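Here is the structure we will look at.
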C-alpha cells in the first residue's frame, strides 16, 4: 500500500528528530570525553605522572653511616669497615627457588642456610629486600655482579659494617650492634623505615644502644629506573644520608687497656674517676669478650660458652654488679657518726674481739681484738667492733642517708645498660621489701658494709671521690658530641663538716701509710703520688656459731664461688686529689691482698700517664712489679707510650 504524501512528510520529520537527538547525544559524549581528557592532562597531570613513574621508577633507601665513637684522645674505638653483601627481593625475582639455585653456584650456601632464607623471604613483604649473605670476598661479590642478568631480584651491595678495633677493652662500655629483630621493632612506637633495611644494624646494649638515636644518622634515598622485569636500568637521582653523630667518651684507651690487662683472668671490675670533673677515665670488667662476634653473627657454640662461663664475661660488673662493700663502707658509718655528733676525733671504743647484742655475738675480724680504738685507728686497723658500737648509738637511718649523699644506693645517670641502684637500706626499705621491722642486728651488719647493703664498683669510686673532695662529684661518660664539648658542672659541697672529712681522710691515709695499716703492703713511696685507701673483704656466706666453735673454714678450702669478695678503694695524690679508684675481685678472699695491688697499679698508671716508674714502689717489690708488667699483653700504643715515659 502506497503512503500518502502526508504520511511521507510525517515520517521524514520523525527521522529528523531522532537523528538530531542522536547527534546531540554524540556531541555531548564527545564534549564530556574532551573535558575528561583535559582534566587528566592538565588538572591532574602531576598525579598521573607520579602513578606512571611508580610503575617504572623505584625509591631505595640508603642506610646512613653510623657515627664514630672515640676515646678522650680522639682514638677510634667503634668504627665502620667495608662490607660486601647480596640481597634478594621476592617481587623482582619471580621464581625465587630457581634464582637461589643459581646463586648457590656462585657463593656457598648450605641446605640449612637456604631453608632459613626461604622462610625469611616468605615472611617478609614481597618488595622488601632480604639479605642472603654478607662479608663476601671481592671475588664472590664480583662474580655476582657479572652474573646479574641471570639473577633477577638479586642485588650485590657495598656497605659499611660496625667494627670494634679495641675489642675486649671496650666491650662492656660500648656494647655492640646487631641486625634489627622483630622484638626490636616491637619496642619502638614509630620505627624509622631504615630499620627495615636488610642487615641494618642498631645498638643492642651499652653506649651503642643508649645513644642509638645520635649514632644512627638519617637515611638517604635513590631513584632508579627499572624495566618490566624489575631489573635496574639506571640511577635517576641520589640523596646521600646524614652520618650519625661522632661521640667522644671520657675513657682513656691506654688506661682502659692497662686496667683490663691488670685484672687478668679474675672475675673483677675496676673504675677510675677524675675527681676534679667526674670523668670516668677507665671502667674495666673482667673477663671480657669480643663484641665483633655479635656484629658478624655469633655461633651457638660461642654464645653458649659465654653464657655458661662461671666468671660471667657478658656482665658489666662495673655498673651492673652489686656487692656487699665490706669495710670500704666504714667511711660512710664514720662520717655519719662524726656529723651527727655521736663521736668526735677524740672518741674511743674498746674492742675485745666481739660484742654481744640481744644474745648474739658479733665478731671482729681480729679474734684477739684491737683494744682502745680511735676514729682514725678504726679505719687504719679496720676494727669491726668500733662500728658495732657506733651503729647502736647512730641508727640505720642516719647511716643510710650518708650513704646516699656519698653516691651509694642511687642510680647514676650514664648511657650504659642496666646501671644498678645498689641498696642503702633503712627502716622503710626493709618494711616495704620484706614486711619486717628493722632490728639492731641489721644496723650492726650494715655499719661494716654487710647485711642488706649492696654497692657497685662505680658507686664505690664515686663515694671515694666525694670523700676525697668533699663535693658532690657526679660521674660522666660522654665528653663531646660532634665536637661540641659537654660542659662540666660546678660540683656543690656535700655539706659534711670539713673536720669530719679530715678524720676520714687521715684514717684512709693510715690504712696505706700507717704502721698498722691493713693496706700497708700496697703503699706508694713516691711522695708526689701519696695514696690513701681502704680495703674491704665481704662475706658471701653465713658463718654459723657451730662453725666458729670448731674453727672457721679458711677461704682457700672453700669452692671458688663461696669465697669472700675482695675490695679496695683509694685516691691520690693525698694533698691534692686527682683520681679515685675502686676495685672488686669476686671471691678474691682478701681486699688488701687481691684488690689493693691492682688498684695501686691502675692508680699509678693514671697519675703517671703510662706504665709507672718502678721507683714509685717499695724497693723490695720492684722486681715482682716489673715481671708483672712484662707479662701483660698491652696494646702497641700503650707499649710505645710506656717507652716514651720511661725514656
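The values are calculated or read from the model by the stated rules, or taken from the named source; none is laboratory data. Given the structure is predicted, the values throughout are model-derived calculations rather than measurements. Note that each Cβ is placed from the backbone with ideal geometry, even for glycine, and that neighbours are counted across all protein chains shown.
Every residue, every condition in (1) under 27 Å from residue 468 (Cβ atoms); (2) assigned to a helix (DSSP H, G or I); (3) out of contact with any helix residue (DSSP H, G or I) (no Cβ under 6 Å at 6 or more places or on another chain), yes or no:
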{"position": "367", "(1), (2), (3)": "no, no, yes"}
{"position": "378", "(1), (2), (3)": "yes, yes, no"}
{"position": "388", "(1), (2), (3)": "yes, yes, no"}
{"position": "403", "(1), (2), (3)": "yes, yes, no"}
{"position": "412", "(1), (2), (3)": "yes, no, yes"}
{"position": "420", "(1), (2), (3)": "yes, no, yes"}
{"position": "430", "(1), (2), (3)": "no, yes, yes"}
{"position": "450", "(1), (2), (3)": "yes, no, yes"}
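Within segment 584-613, work out how many residues are closer than 18 Å to residue 539 by Cβ and either part of a loop (DSSP other than H, G, I, E, B) or under 26 Å from the mean Cα position of the chain (by Cα) (or both). Residues that pass the stated criteria total 8.
Segment 241-353 holds strands (runs of 3 or more DSSP E) entirely within its bounds, and those carrying 2 or more residues that are more than 30 Å from residue 369 (Cβ to Cβ) and at pLDDT 95 or above map to 247-249, 268-274, 280-286.
Taken over segment 361-420, residues that are over 30 Å from residue 170 (Cα atoms), under 36 Å from the mean Cα position of the chain (by Cα) and surrounded by fewer than 21 Cβ atoms within 10 Å (Cβ to Cβ) amount to 3. If you go through segment 550-583 and keep only what is in a strand (DSSP E or B) and modelled with pLDDT of 95 or more, you end up with 566, 567, 568, 569, 570, 571, 572, 579, 580, 581, 582, 583. For segment 126-147, name all the residues that are in contact (Cβ under 8 Å) with a residue 24 or more places away in the chain and more than 33 Å from the chain's Cα centre (by Cα). Matches in segment 126-147: 126, 127, 138, 140, 141, 143, 144, 147.
Which of the following residues is closer than 23 Å to residue 615 by Cα and in the same structural domain as residue 399 (by TED's automatic domain parsing): 510, 500? Give the steps one after another, and end with the answer.
Numbers: 500 fails: closer than 23 Å to residue 615 by Cα.
Going through 510, 500 in turn, just one is closer than 23 Å to residue 615 by Cα and in the same structural domain as residue 399 (by TED's automatic domain parsing): 510.
Under the condition of being touching a strand residue (DSSP E or B) at 6+ places or on another chain (Cβ under 7 Å) and within 17 Å of residue 521 (Cα to Cα), the residues counted in segment 601-625 number 2.
Within segment 371-383, residues that are free of Cβ contacts under 8 Å to residues at least 24 places away in the same chain sit with their Cβ atoms under 7 Å from residues that are surrounded by fewer than 24 Cβ atoms within 10 Å (Cβ to Cβ), at 6+ positions apart or across chains, in these pairs: 371/350. Per the listing 467, 473, the residue uniquely outside any helix (DSSP H, G or I), on the phi < 0 side of the Ramachandran plot, at pLDDT 95 or above and touching a helix residue (DSSP H, G or I) at 6+ places or on another chain (Cβ under 8 Å) is 473. The set of residues from segment 339-354 being touching a residue at least 40 places away in the same chain (Cβ under 8 Å) and under 16 Å from residue 448 (Cα atoms) comprises just one member, 349. Of all residues in segment 157-196, those being within 25 Å of residue 89 (Cβ to Cβ), assigned to a strand (DSSP E or B) and modelled with pLDDT of 80 or more number 6.
Conditions (1) modelled with pLDDT of 85 or more; (2) in contact with a strand residue (DSSP E or B) (Cβ under 7 Å, 6 or more places away or on another chain); (3) not in a helix (DSSP H, G or I), marked per residue:
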residue: 203; (1), (2), (3): yes, yes, yes
residue: 214; (1), (2), (3): yes, yes, no
residue: 222; (1), (2), (3): no, yes, yes
residue: 237; (1), (2), (3): no, yes, yes
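For segment 324-346, a residue qualifies if it is more than 19 Å from residue 538 (Cβ to Cβ) and touching a helix residue (DSSP H, G or I) at 6+ places or on another chain (Cβ under 6 Å), and the qualifying residues are 335, 336, 337, 338, 339, 340, 342, 343, 345.
Going by the structure shown, is residue 425 crowded, with 17+ Cβ neighbours inside 10 Å, under 18 Å from residue 444 (Cβ atoms) and touching a helix residue (DSSP H, G or I) at 6+ places or on another chain (Cβ under 9 Å)? Taking the combined requirement at face value, the residue satisfies it.
Yes or no, residue by residue, for (1) modelled with pLDDT of 80 or more; (2) over 28 Å from the mean Cα position of the chain (by Cα):
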| site | (1), (2) |
| --- | --- |
| 63 | yes, no |
| 67 | yes, no |
| 83 | no, no |
| 90 | yes, yes |
| 106 | yes, yes |
| 115 | yes, yes |
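Entry remark, segment 516-538: residues being under 18 Å from residue 365 (Cβ atoms) and part of a loop (DSSP other than H, G, I, E, B) number 4 in total.
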